[in-house]
């Protein structure tokens with residue numbers, strides 16, 4: 001799946017060089033339990049969420065919110081990424 005422009009800017013800003021997921025078909029958000037039934041009249045959208053997945057496919061960090069206006073603690077996310085990278 002191709003990352004959106006926002007994801008590409010996010011990756012560039014944080015200096016990450018690994019793939020980010022854009023879930024156009026809503027299949028992944030459904031399987032990860034982060035899909036809205038309906039949000040502001042739109043069905044099937046992904047909740048704002050971050051999952052850090054290691055090379056073996058294990059989720060090492062997970063964050064999501066019911067309010068799409070909330071932002072994660074980016075320092076915490078980057079710490080989880082660094083920890084996952086050092087464990088790998």
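What follows draws every value from the coordinates through simple rules; no lab data is involved. The structure displayed is predicted, hence computed values, not measured ones. Here Cβ is always computed from backbone atoms with ideal geometry, including for glycine, and neighbour counts include all displayed protein chains.
Can you name every residue in the range 1-15 that is touching a helix residue (DSSP H, G or I) at 6+ places or on another chain (Cβ under 9 Å), closer than 20 Å to residue 80 by Cα and surrounded by 14 or more Cβ atoms within 10 Å (Cβ to Cβ)?
Passing the criteria: none in range.
Scan (1) over 14 Å from the mean Cα position of the chain (by Cα); (2) touching a residue at least 40 places away in the same chain (Cβ under 8 Å) for the single condition residue 56 breaks and write down its number.
Unmet condition: (2).
Those residues that are surrounded by 14 or more Cβ atoms within 10 Å (Cβ to Cβ) and either touching a helix residue (DSSP H, G or I) at 6+ places or on another chain (Cβ under 7 Å) or over 24 Å from residue 81 (Cα atoms) (or both), I need them from the range 27-43; list them, please.
Those that are surrounded by 14 or more Cβ atoms within 10 Å (Cβ to Cβ) and either touching a helix residue (DSSP H, G or I) at 6+ places or on another chain (Cβ under 7 Å) or over 24 Å from residue 81 (Cα atoms) (or both): 35, 36, 39.
Kindly list, by first and then second residue, each pair from a residue in the range 61-88 that is touching a residue at least 24 places away in the same chain (Cβ under 8 Å) to a residue that is part of a loop (DSSP other than H, G, I, E, B), limited to pairs with Cβ atoms under 6 Å and residues at least 6 apart or on different chains.
64/34; 64/47; 68/48; 84/54; 88/54; 88/55
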